[in-house]
Each structure stands twice: as C-alpha cells, then as structure tokens.
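*Asks:* Before we start, here is the structure in question, set down as structure tokens.
The values are calculated or read from the model by the stated rules, or taken from the named source; none is laboratory data. Because the structure is a prediction, the values reported are computed rather than measured. Every residue, glycine among them, receives a Cβ derived from its backbone with ideal geometry; neighbour counts consider all protein chains shown.
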Amino acid sequence: MEHNLKRELGLLDIFCVATGAMISSGLFILPGIAFSRVGPAVILSYILAGILCIPTLMSNAELITAMPKAGGDYFYIMRGFGPLLGTLAGFSSWFSLSLKGAFALVGMGAYLSLVTSLPINVIAIVCCLIFIILNLLGVKEAGRFQVFLVIGLIAILLLYVIWGSGSLRPIHFQPFFEKGIASVFATASFVFISYGGLTKIAALAEETKNPGRNLPLGMILSIIVTSLIYALVIFVTIGVLEPGRLRVTLMPISEGAGAFGGDRLRILISIAALLAFISTANSAVMTASRYPLGMSKDRLLPGYFQKISSRSKTPYVSILFTGFFMILALVFLRLEILVKVASSILILLFIFANLTLILFRESKILSYRPKFHSPFYPYLQVIGILGGIFLLIEMGTFIVFLTMVFLLGGFTWYKIYGQKRASQDSALIYMLERLVARDREFTSDNLLVELKDIVIQRDMVKKDRFYRLIEEAKVLDLERPLRMEDLFREISTILGEELRLEPRILFSGFVEREIESSTVLRKGLAIPHIVVEGKNSFKILLVRARSGIIFPGDKLAHIIFILVGSHDERNLHLRVLAAIAQITQNPEFDKKWFEARNADELKNIVLLTERHRFH
C-alpha cells in the first residue's frame, strides 16, 4: 500500500533546517583559513558570498512554490531539462548533501573526542546512527530537534557578539584590504560553500505546511540571519584575536572566546560548535534522503526507494540508504577532496536552478503557477549564472575535473538504467516547440497535467461542481471571425446532442436571450446563457475566438462561456455566473486565454484561477 508524505513542517522548522544546514564548518573552521587569504576584508568576502546566493535563492523559491515536491531542485530540474539532466541533478544533490553531512559528523567527532577516548570516526558513526533513528521516527520529530539546536546555537553566538564587542582592538582591522580587493572576490568563492545548505530545504517541500508562503519566507529569513551572524561573529573574532593566531587556527571562534571570555566562554562556544555540526548533520539526513525518493518516483532509481512508513510517514529506505552512505564515506573516503567536489557540484546546481527558472518562464506553460515570483527577471538569473561560472573557475581545474568524472558516472547510470524506464516531458521541449512550431509535435500532456495536479494538491483545491463542469466541458477554438448567429448555430448542434434537445430550440433561446439584453459583459467577454426544459441538466461550453465573435452593436468577444441549464438548476446557474465573473476579473486572464495552446490549457486557466468554492 502506498503512503503519502505528511505536511508537518512550519515556518520555524524551515528557517531552522536551512539555517542549521549553513552554520557549521563555514563559521567554526573556515574563518581562520579565509583570514589568511584576504585579511580583515574577509568580512566582505562572507557578505559577498551571501549576496551571490540571492539569485539562486529567488529562483529556487519560485520554482519550489510552483512544484513543492520531494526532491526539491532535482524535481524541477528534471521537469525543466528532462530525465538525463534530472538524473545528474538528483545524484549531485544527494551526493553533495550526504558528503556535507559526513564532514559535519567528523567535526562533531573532533569536538567530542576532547571528552572521550574513542576515535573520531567511531564517534561520528555512532552520531550518524542516532540521526538515522531520529529521522526514521518522523519528520516532525527531526524538525523539532532542529529547532532546539538552531535556537540554542543562535543564542550562544549572539552572546559571543555582545560580550566580545567590548573587547575589540581597532588596530586588528588595519590595513583592511591587506591583500588587495581582488582577494576579496577569490575568498568569496572559497567561503561560498558556507551558504550551500540554504536552498536544500526545497527537498522537504512536500512535507511543508503552506509551502507557497513558508518555503520562500523561511529561506529569505535564513539567508538574512545567517549572513548577519557570519559578519558579526567574524567581525568580533578579528577584533579580539591576534592576527597571527587567527591565520593558523582551525578553531577561530573558540580561540576568540577564550581571548576575552576565558575558559567558560570557550567551553560555551565549543558547545555551540557542537550544536552547529549536529544541526548540519541532522539536516543533511533529512534533506538528502528525499532525493532517492523523488528519483524513484520518476523511475530513475528502483521502486523500493519510494517506500514510506505507514506509521511515521517517512521514506525509510531512502533514509537508511543515505545514512549508511554517510557511514561508508566516514570509513573509506578522503572527505577533504570529496567535500570540495561536492562544493563544485553545488555551484553547478545553482547555475541550473537559474536556467530552469528561465526555461519555465519562457516555455509559457500555463499550469506553471508559482506562489512566489522572483523579482528582476531575467537579470537576477543571468547574474546568478555568471556568478556560478565565476565561482567554478575559482575552484581550480583539478576539482572541476573530479566533478566531471562524477557527472560521467551519473550519465552512465542513466544510460544503463534510467533511459529505458523514465519518460518525462520537459519545459525545454515546450519552449523549443513554441519557438519553432505551432503544432504540438513533440510533447504529450504529461507535464501539463502533472503541474496542474501539483497546484491542486498545493492549494488544496476543492473540486466543486463548477470544477467538474469545466473538466467535462467541450471546447471550441475558432480561428476565423464569426457572427453571433453562426456561433449560436454551431454550439446549438453540439449542445443539442449532449442534452438531447432540438438544436433549433437552443438556437432560438440564445437569440431571444441576446435580444432581451446583451450577454457581452465587458470588452472581449460574453456569457450567453439560457434555461431549458428538463431536470438535473447543466452544461458549459468554452469558446476561444481568436478573430472574434461579432455580437449586435459590433461588440467583439474573444472569450465566450456558453451556459445551458434546466429550471431546477437555477441556483447553480447563478453560482456558475458568479464564478466565471470572478475568474475573468483576474488581470492575467485575457493574456493567458490567448496564450493557451490547446483545449486542456484553456480549461486549466479556468480550473486553476483562484476563486470562492461552492458545493
């Protein structure tokens, strides 16, 4: 029996998972190394790296509110570029997140080894098993644990900033651009990975309550808070710690705490570092495990990866697979090199997130209905793509080479396993089709239907009687201009067959109704409607007239809703009229009506436009 994921994560959970995925080694290990590269201007490097995340953050927020499904960036890259790049994106996201989690587990082991005689790897493996069990219990429990960790972490870091601000030594900031302005940009590439966990919260989209609001808001709040924490904590650390010491230490924040707060604060900051590594490792298991689930649903991985526990509603096979891969990485792999490879893969995914947004916007797929719209399109996305290319160049040729080897492995898996099983339309095909051909020669309705169903699920759309009437409605898509009487003759023949009525009776009814008062309600819109004999009868017929239907008084209508109902359906008649009036008042309705490429898209415009529902 198939079970669905349960929406249990709120705004605070999203904020804490995203923030916890970022604040770990980027703050407790990297600042000293980064300071040796650039000097006090390292503060600007961290701020610049955060700014470079903004285009991808905005693109990710729009895409994931349109498609809040398990697998996050894999899901929308798959729908944007098709199964080949989808396979590479899925493996890449899973691999990079898992390796980041394994790296955080090593950090945990290093701190805990100070109070126990166990080897670092043994401690890390035990901690990983604990996180596997926690995530198997349920996403709500894992989310609550993450909230506890991150709130505690932020509280300790704020104490560090406030306490340390009274011990700053201005001489430590001179010269500010110690190694030139160019080094600020190079170091931004080095510390960029500190923000890498931000967009991975998208993997939990299917388990988020009100994803259209909570996902973008949670990510935006997280990048703001994390950037401020990075800047303030590093500012204080530079101000209190001797530059010579800061350049060589791998525990800069702990040493900074000891410089002005003594052993008590040093211990407290060590606890904060431990909380940070725990939160990163926990969020890695939470988010990475959703990628095999999403890929399995698209038949790019075996079906057992999509098994969901009937009790906890968690993808237990995927969680176990991800957790044990992290354990294998801890035992057998050189994490330092692999984490750098994971970083370059992450940058590639950032580039593809921006490209995917451009694809969906330009494909004009009408079922693509994001709740959040990225501002400054497409300029922000172009900046994000160029920024990603710049960061990749800064990674070095050896790391880029290893990244290509990994991608080749993903390509091989697709050719051997995925190509013969997966079939998926993509926004790329829709965009190319729109550019080179009017007829739909290459695509099916699969993507359109899937996106429509996602919107219905996301917005918890109630399929009331109006919804069912539109689903069943016939559609006339007319290219030639017609006079009103000719249209009425054509629709009377169609509806006469459905209602088992004489076409001439229907035709007479439509003409008489128009004589009583015009059914052209506004420029371009007409709703001819009549009442007929019979019981429990009601039909809607949609008409798009590109060249227009000429009504009396030379009124021209391009959007026509034809309504026919029996006397006992008068109340429904009035509610349908009200629903159509509400839908067609949407500022984008007329534009979308003309852009629709087929009957299904015309129906989807009506079905997916927000309105009041009735029984």
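*Asks:* Give me the pairs: first residue in the stretch 477-489 and free of Cβ contacts under 8 Å to residues at least 12 places away in the same chain, second residue surrounded by 13 or more Cβ atoms within 10 Å (Cβ to Cβ), beta-carbon distance under 9 Å, and six or more apart or on different chains, which are they?
*Replies:* Listed by first residue and then by second, the contacts come to Asp486/Ile549.
*Asks:* Related question: Of Ile229, Ile201, which residue is assigned by TED's automatic domain parsing to the domain that holds Gly387 and at pLDDT 90 or above? Give the derivation first.
*Replies:* On the way: Ile201 fails: at pLDDT 90 or above.
Checking each option against the conditions leaves just Ile229.
*Asks:* What residue, among those in the stretch 414-440 that are surrounded by fewer than 17 Cβ atoms within 10 Å (Cβ to Cβ) and in contact with a helix residue (DSSP H, G or I) (Cβ under 7 Å, 6 or more places away or on another chain), is modelled with the highest pLDDT? Full working, then the answer.
*Replies:* Looking only at the stretch 414-440, we keep the residues that are surrounded by fewer than 17 Cβ atoms within 10 Å (Cβ to Cβ), and these are 415-417, 419-421, 423, 432, 434-440.
From the residues that got through so far, the ones that are in contact with a helix residue (DSSP H, G or I) (Cβ under 7 Å, 6 or more places away or on another chain) too are 434, 440.
Values: Arg434: 64, Arg440: 50.
It comes out as Arg434.
*Asks:* Considering only the stretch 496-522, state which residues are in contact with a Gly (Cβ under 9 Å, 6 or more places away or on another chain) and exposed (fewer than 14 other Cβ atoms within 10 Å of the Cβ).
*Replies:* Scanning the stretch 496-522 gives Arg500, Glu502, Arg504.
*Asks:* Can Arg37 be described as under 25 Å from the mean Cα position of the chain (by Cα) and either of a type in the set (Lys, Arg) or not assigned by TED's automatic domain parsing to the domain that holds Phe192 (or both)?
*Replies:* Numbers: under 25 Å from the mean Cα position of the chain (by Cα): no; either of a type in the set (Lys, Arg) or not assigned by TED's automatic domain parsing to the domain that holds Phe192 (or both): yes.
For Arg37, the condition - under 25 Å from the mean Cα position of the chain (by Cα) and either of a type in the set (Lys, Arg) or not assigned by TED's automatic domain parsing to the domain that holds Phe192 (or both) - is not met.
*Asks:* Same structure again: I'm trying to understand the selection: among the residues of the stretch 330-373, which are under 26 Å from Asn210 (Cα atoms) and aromatic (Phe, Trp, Tyr)?
*Replies:* Across the stretch 330-373, the qualifying residues are Phe350, Phe352, Phe360, Tyr368, Phe372.
*Asks:* Looking at (1) in a loop (DSSP other than H, G, I, E, B); (2) among the charged types (D, E, K, R); (3) touching a helix residue (DSSP H, G or I) at 6+ places or on another chain (Cβ under 8 Å), can you tell me which one Lys340 breaks?
*Replies:* Among (1) in a loop (DSSP other than H, G, I, E, B); (2) among the charged types (D, E, K, R); (3) touching a helix residue (DSSP H, G or I) at 6+ places or on another chain (Cβ under 8 Å), Lys340 violates only (1).
*Asks:* For the stretch 386-395, state whether one or more residues are among the aliphatic types (A, V, I, L, M), modelled with pLDDT of 85 or more and under 22 Å from Ser343 (Cα atoms).
*Replies:* Of the residues in the stretch 386-395, the ones among the aliphatic types (A, V, I, L, M) are 386, 389, 391-393, 395.
Filter once more, keeping what is modelled with pLDDT of 85 or more: 386, 389.
Now drop any that are not under 22 Å from Ser343 (Cα atoms), which leaves 386, 389.
Checked against the condition, which is being among the aliphatic types (A, V, I, L, M), modelled with pLDDT of 85 or more and under 22 Å from Ser343 (Cα atoms), the stretch 386-395 yields at least one hit.
*Asks:* List every residue pair whose Cβ atoms sit under 8 Å apart, with the two residues 6 or more apart in sequence or on different chains, where the first one lies in the stretch 133-158 and is among the basic types (Lys, Arg) and the second, anywhere, is in a helix (DSSP H, G or I).
*Replies:* As it stands, the answer is Arg144/Asp13, since those pairs meet every condition given.
*Asks:* While we're on this one: Of the numbered conditions (1) under 21 Å from Ile151 (Cα atoms); (2) surrounded by 24 or more Cβ atoms within 10 Å (Cβ to Cβ), Val225 satisfies every one except a single condition; which is it?
*Replies:* The failed condition is (2).
*Asks:* Here's a follow-up. Sort out which residues of the stretch 581-615 are at pLDDT 90 or above, closer than 19 Å to Leu451 by Cα and β-branched (Val, Ile, Thr), and write them in order of number.
*Replies:* Selection gives Ile605, Val606.
*Asks:* Restricting to the stretch 297-332, what's the tally of residues that are polar (S, T, N, Q), surrounded by fewer than 20 Cβ atoms within 10 Å (Cβ to Cβ) and closer than 23 Å to Val106 by Cβ?
*Replies:* Total satisfying the criteria: 0.
So that you can scan it fast, the table gives a plain yes or no per residue for (1) of a type in the set (Ser, Thr, Tyr); (2) buried (at least 18 other Cβ atoms within 10 Å of the Cβ); (3) touching a residue at least 40 places away in the same chain (Cβ under 8 Å):
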position	(1), (2), (3)
Leu221	no, no, yes
Ile238	no, yes, yes
Ile271	no, no, yes
Ala284	no, yes, yes
Tyr291	yes, yes, yes
Met295	no, yes, yes
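*Asks:* Looking for whichever is more than 26 Å from Ala281 (Cβ to Cβ), modelled with pLDDT of 85 or more and under 18 Å from the mean Cα position of the chain (by Cα) here; the options are Tyr368, Tyr379. Which one fits?
*Replies:* Values: Tyr379 fails: under 18 Å from the mean Cα position of the chain (by Cα).
Testing whether each residue is more than 26 Å from Ala281 (Cβ to Cβ), modelled with pLDDT of 85 or more and under 18 Å from the mean Cα position of the chain (by Cα) leaves just Tyr368.
So that you can scan it fast, the table gives a plain yes or no per residue for (1) touching a residue at least 60 places away in the same chain (Cβ under 8 Å); (2) surrounded by fewer than 21 Cβ atoms within 10 Å (Cβ to Cβ); (3) in the same structural domain as Gly323 (by TED's automatic domain parsing); (4) under 30 Å from Leu448 (Cα atoms):
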residue: Ala49; (1), (2), (3), (4): yes, no, yes, no
residue: Ile64; (1), (2), (3), (4): yes, no, yes, yes
residue: Ala89; (1), (2), (3), (4): yes, no, yes, yes
residue: Ser117; (1), (2), (3), (4): no, yes, yes, no
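*Asks:* In addition: Would a scan of the stretch 168-191 turn up a residue that is more than 27 Å from the chain's Cα centre (by Cα), of a type outside the set (Phe, Trp, Tyr), buried (at least 17 other Cβ atoms within 10 Å of the Cβ) and within 18 Å of Ile23 (Cβ to Cβ)?
*Replies:* no
*Asks:* Suppose the filter is touching an Asp or Glu at 6+ places or on another chain (Cβ under 7 Å), surrounded by fewer than 24 Cβ atoms within 10 Å (Cβ to Cβ) and under 30 Å from Arg311 (Cα atoms); does Lys69 pass it? Steps first, answer last, please.
*Replies:* On the way: touching an Asp or Glu at 6+ places or on another chain (Cβ under 7 Å): yes; surrounded by fewer than 24 Cβ atoms within 10 Å (Cβ to Cβ): no; under 30 Å from Arg311 (Cα atoms): yes.
Spelling it out, it is not the case that Lys69 is touching an Asp or Glu at 6+ places or on another chain (Cβ under 7 Å), surrounded by fewer than 24 Cβ atoms within 10 Å (Cβ to Cβ) and under 30 Å from Arg311 (Cα atoms).
*Asks:* Considering only residues that are among the aromatic types (Phe, Trp, Tyr) and closer than 19 Å to Gly218 by Cβ, which ones fall in the stretch 146-168?
*Replies:* First, the residues of the stretch 146-168 that are among the aromatic types (Phe, Trp, Tyr): 148, 160, 163.
Hit for the stretch 146-168 is Phe148, nothing else.
*Asks:* Scanning the stretch 451-470 for residues that are of a type outside the set (Val, Ile, Thr) and under 16 Å from the mean Cα position of the chain (by Cα), which turns out modelled with the highest pLDDT?
*Replies:* First pass over the stretch 451-470, keeping only residues of a type outside the set (Val, Ile, Thr): 451-453, 457-460, 462-469.
If we keep only those that are under 16 Å from the mean Cα position of the chain (by Cα) as well, we get 451, 457-459.
Numbers: Leu451: 84, Gln457: 81, Arg458: 80, Asp459: 78.
Once the filter is applied, the top-ranked residue is Leu451.
*Asks:* Which one of these does Ser508 not meet: (1) out of contact with any strand residue (DSSP E or B) (no Cβ under 7 Å at 6 or more places or on another chain); (2) over 30 Å from Glu450 (Cβ atoms); (3) at pLDDT below 90?
*Replies:* Of (1) out of contact with any strand residue (DSSP E or B) (no Cβ under 7 Å at 6 or more places or on another chain); (2) over 30 Å from Glu450 (Cβ atoms); (3) at pLDDT below 90, only one is false for Ser508: (3).
*Asks:* Another question, if that's okay. If the requirement is being crowded, with 18+ Cβ neighbours inside 10 Å and either at pLDDT 90 or above or of a type outside the set (Asp, Glu) (or both), which of these qualifies: Ala526, Ala578? Let's see the steps before the verdict.
*Replies:* Working: Ala578 fails: crowded, with 18+ Cβ neighbours inside 10 Å.
Of Ala526, Ala578, the one residue that is crowded, with 18+ Cβ neighbours inside 10 Å and either at pLDDT 90 or above or of a type outside the set (Asp, Glu) (or both) is Ala526.
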